[in-house]
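One structure is given below, encoded as structure tokens.
The values are calculated or read from the model by the stated rules, or taken from the named source; none is laboratory data. All values derive from a computational prediction rather than experimental measurement. Cβ: placed from backbone, ideal geometry, glycine included. Neighbour counts: every protein chain shown.
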Amino acid sequence: MVEDHGTNLIMHTIICQNVSKVWGLDTPEEVLAIDRVSFSVEPGEFLVIIGPSGCGKSTLLSMIAGLEPPTAGKILHDGEPIAGPSPQRSMIFQQSSLLPWMSVIDNVAFGLELKGVNRKARHQRAEHFLKEVGLRSFAHRYPHQLSGGMQQRACIARALCLGTDVLLMDEPFAALDVQTRYQMQKFLLDIWQAAGKTVVFVTHHIDEAIFLADRVIILTARPGRLLESVTIDMARPRDVMSSEFERHRNLFVEHMRSEVVRAFEEQELVEMMDTRV
Amino acid sequence: MQQTPVQESQSTAPLQSSSLSERKRKARIKSLKSLVQQVLWWVLSLSLFIGLWELLSALGLLNTLILPAPHQFIAEIANQEQFMSLKVGVERTGANFAALTAIVATLTRVLSGLVLGFIAALLVGCLAAYFKIFGNLTLPVITLLAPIAPIAWIPFAILAFGIGDGAAIFVVFVGIFFILTLATVNTIRNVDQLYINTARVLGASRRQVMFKIILPAIIPDLFVILRMNLFAAWMAVLAAEMVGVNTGLGAIIMVGRQMFNAKLMFLGMAMIGVVGYLLDAGFAQIQKRVLWWKTTAQI
């Protein structure tokens, strides 16, 4: 792959300009999910998008992935408008998205299979990335034989195996237990630092955001608007018990509390109206 | 939620793996035990049924001319000169049947119809899901044809294909084709969007999504539906054999009735029961293989 690093440094990897998304446009159930959100992601940056449940952060991510077109606004990747999904931007979902009828190694190599790479070559490459994520001895197992954390690691290996530039992660560790979640966060940072990928990571979990991010974008409750962009300049590895971490946590809690309250009130209002109808 | 950096304990790993073979052995013994138990219950249930029947018959409470006792209709085998002949395709001479010929004839019809119906339904269903216009044009007709029982097609089949394999295979084919086509379209719609999105993000074209995601995802479900319709197909063939197609297991019963030979009738019925059961058991085995990733994932 030929990359012009000179321009990449100046250029942003991903740019969102006034992006809006309306679900069910022109129907009675019309919902404004994302409202004129603008931000950009630097090459190699670890960006976390955080917001209360239902604020449209997942919607934003699937628009960047190219799975959903924005209703208004523009999204650019390396200066090109995003027209659809691309192997250059890999998505990691909340649930494991491994295909249950394929062995782990075939899953990891699946992106290459779609490209038409022959079996031997793709298995060789997949094996390398399985080793990278510590699943070498599980290559010929099937997804249901793996734990939740292992399944997510295999999904990450699949994205890396395809040589993706940008990892889009939609609450990837939300379904894991606390210990596994912590291990996976450390693991992800290792991978990110070693591979130099750009990461856009969605979560509603404040500690996770502070632990991982170079920069955190806070979205408001529905409709999702950009509330704040906070740079986390703590050295890694970050200590969740440190006073600096605490300071960031308080800041986020303050920001998000008002939003959660607002979301709740709105929810109650909707329910009241629903019962009246 | 607070995050506490707890190290995952590794010390239990070797302990677990050493007891794994032990656990497997125990599980095998347990499954063997339940198998033996099941066989015993089968034997008991059958003996009870046959014993009661023989008893009533011996007491003279049954008219054995119409309802012969099991030992009587099994003895009928001796009267059928060719019954035990191991040659397939032995012509029936008068009312004399060759068991193997009849079984093979019936099974060939059922299986040919099923295979043809399955392939055709998969093809049409995928096309209907893939090309919207094709789907819109064909699905209403298929929806209306589906409720027509396969038996209702027999008169037409005999007129169109004449007496023989063609008519019987056609009846099985229509018996499953419409239902399975609708099921295909339905299961395609229900394929987990997560798998489709995954493939799209990894760069799959529409065709690749169809062949690499949708097809493998729907085959197990379709197989379940195929098996559910197996008995309908089986019955349709037997009915066809009784009405017009003069060979196969169904024809044995009909000839028995025409000759007023109740023993031959019941012999045919017993054969249908046993062969039908074995056919379903065979399908269950295949289903286990096809469904392996579903069943084990659900345990």
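Annotations for the structure displayed:
- Hey, A:GLN179 over 30 Å from B:LEU291 (Cβ atoms), part of a helix (DSSP H, G or I), modelled with pLDDT of 90 or more and within 13 Å of another protein chain (Cβ to nearest Cβ) or not: no
- Flag if B:PHE118 is outside any helix (DSSP H, G or I) and assigned by TED's automatic domain parsing to the domain that holds B:LEU267: no
- Those residues of region A:150-176 which are assigned to a helix (DSSP H, G or I) and within 9 Å of chain B (Cβ to nearest Cβ), in sequence order: A:CYS155, A:ARG158, A:ALA159
- Within region B:130-144, the set of residues being surrounded by 15 or more Cβ atoms within 10 Å (Cβ to Cβ) and either within 23 Å of B:MET235 (Cβ to Cβ) or without any contact (Cβ under 8 Å) to a residue 60 or more places away in the chain (or both) comprises B:GLY135, B:THR138, B:LEU139, B:ILE142.
- Verdict on A:PHE252 being surrounded by 14 or more Cβ atoms within 10 Å (Cβ to Cβ) and assigned to a helix (DSSP H, G or I): yes
- Just one of the listed residues (B:ILE252, B:ILE219) is out of contact with any Pro (no Cβ under 9 Å at 6 or more places or on another chain), in a helix (DSSP H, G or I) and surrounded by fewer than 20 Cβ atoms within 10 Å (Cβ to Cβ), and it is B:ILE219.
- Options B:VAL237, B:VAL245: the member that is hydrophobic (A, V, I, L, M, F, W, C), in a helix (DSSP H, G or I) and in the same structural domain as B:ALA199 (by TED's automatic domain parsing): B:VAL237
- Within region B:201-216, the set of residues being touching a Pro at 6+ places or on another chain (Cβ under 7 Å) and buried (at least 23 other Cβ atoms within 10 Å of the Cβ) comprises B:VAL201, B:LEU202.
- All told, A:MET241 falls short of being of a type outside the set (Gly, Ala, Ser) and away from chain B (no Cβ under 14 Å).
- Here A:ALA83 does not qualify as in contact (Cβ under 8 Å) with a residue 40 or more places away in the chain, farther than 25 Å from A:TRP192 by Cβ and of a type in the set (A, V, I, L, M).
- Within region A:16-71, the set of residues being of a type outside the set (D, E, K, R), in contact with a His (Cβ under 8 Å, 6 or more places away or on another chain) and surrounded by fewer than 19 Cβ atoms within 10 Å (Cβ to Cβ) comprises A:SER40, A:SER53.
- Screening A:LEU135, A:LEU146, A:LEU114 for residues that are crowded, with 16+ Cβ neighbours inside 10 Å, in contact with a helix residue (DSSP H, G or I) (Cβ under 7 Å, 6 or more places away or on another chain), more than 14 Å from chain B (Cβ to nearest Cβ) and more than 22 Å from A:ASP214 (Cα to Cα) leaves exactly one candidate, A:LEU135.
- Single unsatisfied condition, B:PHE223 versus (1) more than 14 Å from every other protein chain (Cβ to nearest Cβ); (2) under 14 Å from the mean Cα position of the chain (by Cα): (1)
- Test: residue in region A:200-221 that is of a type in the set (Asp, Glu) and away from chain B (no Cβ under 11 Å): yes
- If you go through region B:24-72 and keep only what is surrounded by 11 or more Cβ atoms within 10 Å (Cβ to Cβ), modelled with pLDDT under 90 and in a helix (DSSP H, G or I), you end up with just B:LYS26.
- Within region A:219-249, the set of residues being out of contact with any Lys or Arg (no Cβ under 6 Å at 6 or more places or on another chain), in a loop (DSSP other than H, G, I, E, B), within 26 Å of A:GLN17 (Cα to Cα) and in contact (Cβ under 8 Å) with a residue 12 or more places away in the chain comprises A:THR220, A:ARG222, A:PRO223, A:ARG225, A:ILE232.
- Matching entry among B:THR106, B:THR138, B:THR101 (being closer than 13 Å to B:PHE177 by Cβ, of a type in the set (S, T, N, Q), assigned to a helix (DSSP H, G or I) and in contact with a Ser or Thr (Cβ under 9 Å, 6 or more places away or on another chain)): B:THR138
- Residues satisfying the stated conditions in region B:168-205, i.e. touching a Lys or Arg at 6+ places or on another chain (Cβ under 9 Å) and more than 30 Å from A:SER86 (Cβ to Cβ): B:ALA168, B:ILE169, B:VAL171, B:VAL172
- For region A:87-111, the set of residues classified as facing another protein chain (nearest Cβ under 7 Å) and either part of a loop (DSSP other than H, G, I, E, B) or without any contact (Cβ under 8 Å) to a residue 40 or more places away in the chain (or both) consists of A:PRO87, A:PHE93, A:GLN95, A:SER97, A:LEU99, A:PRO100, A:TRP101, listed by residue number.
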